[in-house]
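*Asks:* First the structure, which I've put down as structure tokens, then a few questions once you've had a look.
Rule-based calculations on the coordinates, nothing more; no lab input. Everything numeric in this text was worked out from a predicted model, so none of it was measured. Here the Cβ positions follow ideal geometry from the backbone for every residue, glycine too, while neighbour counts run over all protein chains shown.
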Amino acid sequence: MAGKYDLVIINGRIIDGSGNPWYKANIGIQNGKISVITKASISGELEIDASGLIVAPGFIDLHSHSDMGLRNLIYNKATNRVMQGITTEAVGNCGSSAYGWTKKYAEKYEERLRKFGLNYKIDWTRLSEWKKKVEERGYAINIAPFIGFGTIRTSVLGEEGGGGERSDINENELNEMKKLLREAMEDGAFGMTVGLEYSVQRNAYTEELIEMCKVLAEYHGLLMAHIRSEDEMLIEAVKEFIRICREAGVSGSISHHKACHPNSWGKPYETIRLIKEARDAGVDVICDQYPWLKVAVLNVGEFFRIEGEEEISSREREKILEYMKDDEKWKKIKEEAIKRNQMEEEYIEKKKRELAKRGTPFRMPWNPTTYFVVAYSKTHPEYIDKNFTEIAKMMGIEDPWEAMRKLYIMDDGETTVAEGYMREEDVIEIMKAPFTAISTD
């Protein structure tokens with residue numbers, strides 16, 4: 001079929017997303033739409049020779065955080081997404097969204113942004129208002145917004161220590177949460193996300209989540225779940241997710257499915273079996289994953305706080321280095337870090353016992369000296385994939401915190417760690433499943 005088109009893409013290997021093998025053909029585009037896919041010669045005003053290249057529909061990223069820090073509003077060209085071939089992204093993941101909150105919550109979000117140098121006035125609460133902002137600003141790709149359960153729960157109950165630590169909530173509070181969820185769904189949310197390893201959300205009983213998801217079901221909404229545990233309680237967390245979807249009657253996806261600690265390696269063989277079993281029984285569940293081995297890489301400096309700062313960015317590593325090189329200042333920030341870690345571990349053990357009484361699983365503590373592993377060291381690459389307890393032994397140092405200090409100074413503040421790491425065999429096992437999608441997180 002010969003013809004004249006606005007744009008033609010010729011000689012490409014086409015993967016059309018149907019599951020069929022690739023085939024070589026030419027594509028003719030007219031008025032922004034594909035008019036023809038043919039093996040015949042075609043011509044156009046603009047011609048792209050895709051010889052040796054793959055031509056495919058735009059990718060859908062099921063798990064993105066582009067709404068965090070208001071990136072959709074500030075970095076609206078989405079260059080990093082377009083360069084990867086991503087044309088649609090789901091946002092509001094892990095229970096945290098930049099909308100669907102109360103005015104009081106919005107004010108606190110503004111405060112958090114200011115700590116990262118972003119002086120942005122948040123003058124919206126509902127998803128519909130946020131969408132209008134994004135549309136006015138313009139955005140390079142499509143957005144599928146989800147409402148965050150953590151945003152809702154924190155808006156109604158408060159932060160941990162201010163009410164959000166409670167697991168038992170009353171009917172009025174649950175109804176307020178349902179109201180915010182309904183508003184978001186009526187404003188066009190595709191569903192709700194949860195981040196059940198994170199503060200406030202982690203305190204919810206399974207039954208609370210089922211009740212919220214029953215509202216989702218009214219709108220045929222989807223549940224995107226950062227499940228309760230990705231390490232020692234991984235299998236229990238997957239079972240909880242399947243139970244929520246089954247009892248609430250919603251479709252769902254396990255976000256960034258993985259086994260990110262040696263105590264969970266091998267478990268994806270069972271979790272994939274559980275998902276398949278649920279699907280065979282009529283429960284519409286899938287998962288997505290990112291295809292690399294390290295989780296949430298961060299600068300070691302973020303374990304420490306200085307002069308009342310809530311958290312330390314890697315941009316402030318010079319300040320961290322200054323404190324680490326001074327014995328008295330180091331003693332102070334080390335003691336504070338150890339105290340915070342001890343308080344968190346005590347809280348986790350307490351909540352684990354509390355939630356277990358009703359069959360709700362809970363994650364293990366993420367100790368900076370045993371859970372995190374080195375992802376990058378400028379001076380000692382042999383420490384990569386080792387935790388600081390192991391590194392301390394390699395250094396001949398008794399205290400792993402001192403090993404952390406020593407390596408950070410040697411690396412001139414460039415040491416990074418991963419919040420867990422995966423086994424390649426497990427990543428491949430998850431990827432092989434026909435119901436697994438690839439995401440970026």
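*Asks:* Taking a point 7 angstrom from the Cα of residue 68 along the C-beta vector, which residues in the stretch 80-118 have backbone N less than 17 Å away?
*Replies:* Answer for the stretch 80-118: 80-81, 89-99, 109-118.
*Asks:* I've got another one for you. When the helix-only estimate is applied to the chain (DSSP H runs of n ≥ 4, each -39,500 (n - 2.57), divided by the residue count), what is the mean residue ellipticity at 222 nm, nearest 500 deg cm²/dmol?
*Replies:* Rounded to the nearest 500, the figure is -11500 deg cm²/dmol.
*Asks:* Turning to a different aspect of this structure: Can you pull out the trypsin sites (Lys or Arg not before Pro) in the stretch 1-96 whose DSSP state is coil and whose Cβ has at most 15 other Cβ atoms within 10 Å?
*Replies:* Passing both the DSSP loop test and the Cβ count: 39, 77.
*Asks:* Give, in nm to one decimal, the length gained when the segment between residue 84 and residue 277 is fully stretched (0.36 nm per residue of separation minus the Cα-Cα distance).
*Replies:* 66.2 nm
*Asks:* Sorted from largest down, what three extents in whole angstroms do the Cα atoms of the stretch 298-418 have along their principal axes?
*Replies:* For the stretch 298-418, the Cα spread along each principal axis is 48, 33, 26 Å.
*Asks:* With label points built 7 Å along Cα→Cβ from the Cα atoms of residue 170 and residue 414, find their separation and express it in nm.
*Replies:* Each label point lies 7 Å from its Cα, and together they span 5.7 nm.
*Asks:* Rounded to the nearest 0.05, what FRET efficiency do residue 265 and residue 6 give with R0 = 41 Å and r taken as the Cβ-Cβ distance? Could you check?
*Replies:* 0.20
*Asks:* Shifting gears a bit: What is the order of 6, 280, fewest Cβ neighbours within 10 Å to most?
*Replies:* Values: 6 14, 280 8.
Result, fewest neighbours first: 280, 6.
*Asks:* Note the angle between two axes, namely the Cα long axis of helix 327-356 and the longest principal axis of the Cα atoms of the chain, as a number of degrees from 0 to 90, rounded to the nearest 10.
*Replies:* 70
*Asks:* Here's a follow-up. Report the Cα-based extents of the stretch 4-55 along its three principal axes, largest first, to the nearest Å.
*Replies:* Principal-axis extents of the stretch 4-55 (Cα, largest first): 30, 20, 16 Å.
*Asks:* Against the empirical 2.2 N^0.38 Å scaling, what ratio does the C-alpha Rg of the stretch 179-287 come to?
*Replies:* Output field value: 1.05.
*Asks:* With a point put 7 Å past each Cα toward its Cβ, work out how far residue 207 is from residue 41 in nm, to one decimal.
*Replies:* Label-label distance for residue 207 and residue 41, simple model: 7.4 nm.
*Asks:* Determine the alpha carbon to alpha carbon distance for each of 294/393; 406/432; 77/432 and list only those over 31 Å.
*Replies:* Details: 294/393 23 Å; 406/432 42 Å; 77/432 33 Å.
Listed pairs above 31 Å: 406/432; 77/432.
*Asks:* What length, rounded to one decimal in nm, is gained on full extension from residue 186 through to residue 102, with 0.36 nm per residue of separation minus their alpha-carbon distance? Don't skip to the answer; put the middle values down first.
*Replies:* Numbers: separation 84, 0.36 × 84 = 30.24 nm, distance 1.64 nm.
My answer for the length gained is 28.6 nm.
*Asks:* Shape verdict for the stretch 32-170, please, from the Cα gyration tensor: rounded (a/c under 1.5), prolate (a/b greater than b/c) or oblate.
*Replies:* Here the stretch 32-170 falls in the prolate category.
*Asks:* In which sequence would 251, 64 go, from the one with the fewest C-beta neighbours within 10 Å to the one with the most?
*Replies:* 251, 64
*Asks:* Something else about it: Counting pairwise Cα distances across the chain, what percent come out greater than 38 angstrom?
*Replies:* So the pairs more than 38 Å apart make up 30 percent of the total in the chain.
*Asks:* Run the simple label-point estimate for residue 297 and residue 24 please: 7 Å along Cα→C-beta, distance reported in nm.
*Replies:* A separation of 3.8 nm, rounded to one decimal place.
*Asks:* Let me ask something additional. Give the lysines reachable from residue 115 as a straight Cα distance under 18 Å; neighbours fewer than 8 places away on the same chain don't count.
*Replies:* Reachable lysines: 104, 319.
*Asks:* Within 10 Å of each residue's Cβ, count the other Cβ atoms and sort 149, 435, 304 from fewest upward.
*Replies:* Listed from fewest to most nearby Cβ atoms, that is 435, 304, 149.
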